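Below is one structure, written out as structure tokens, with a few remarks after it.
The values are calculated or read from the model by the stated rules, or taken from the named source; none is laboratory data. Computed from a predicted model, the values in this text were never measured in an experiment. Positions of Cβ are backbone-derived with ideal geometry, glycine not excepted, and every protein chain shown enters the neighbour counts. The accessibility values were calculated without ligands, DNA or RNA, using every heavy atom of the protein model including side chains. Shrake-Rupley method; radii C 1.70, N 1.55, O 1.52, S 1.80 Å.
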Amino acid sequence: MSERSALRSRLEALTREVVKFGAVGGAGVVVNFVVFNLVRHLTEVPVVRASIIATVVATGTNYLGYRYFTYRDRDNQGRTKELTLFLLFSAVGLVIENGLLYIATYGFHWDTPLQNNVFKFLGIGLATLFRFWSYRTWVFRTLPAREAIETAESFLADGADEPHRAPHARRPASRK
């Protein structure tokens, strides 16, 4: 397998993963903002607590999306460990997301509904970067056997294409 082909294959797989992660995350952002604004406007719950409630609800819906859509082909043997790690890294994401909102609201007194939503959005963005890295690295791990199969399939596919790319490499050796 050529290095270029291997790199292209990895980039295509990463692109598919990012798109799926983004689709689930996008749905989670919608859930997060809907719950946040409903709690914020229909109750007397303070802004950061309302945001934490919304983040927890979105985290629950996101887990289902990541497990059964984005990472459905990943190792699912240790669900207890997976869920524990997911909740641990989600909690760190919750602190990142809501920490920024807390600093904006109570540190700088930026507390209008628009400012709350802007800083919540920025916090979600920062937390998403962390979550993407941690979920793909620690929570939804790739199966080693699956990687071996994909590598072998890619190698075989490249071998079939090779005669078209380098016809001079197939010339029979001259006999003297």
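Which ³J(HN,Hα) values, rounded to whole Hz and listed in residue order, are derived for region 65-76 from phi using the Karplus coefficients 6.51, -1.76 and 1.60 in 6.51 cos²θ - 1.76 cosθ + 1.60 with θ = phi - 60°, glycine and proline given as x?
Couplings: x, 5, 5, 9, 10, 5, 10, 5, 8, 8, 4, 10 Hz.
Accessible area, 1.4 Å probe, largest first: how do LYS20, LYS81, LYS120 sort?
I get LYS81, LYS20, LYS120, largest accessible area first.
Net charge within 11 Å of ALA104 by Cβ-Cβ distance, Lys/Arg positive one each and Asp/Glu negative one each, not counting ALA104 itself?
Local net charge: 0.
Quick one: dipole size for region 1-52, taken about the Cα centre, charges +1 on Lys/Arg Cβ and -1 on Asp/Glu Cβ, in debye to the nearest 20.
Numbers: 7 positive and 4 negative charges, 26 e Å.
Approximately 120 debye in magnitude.
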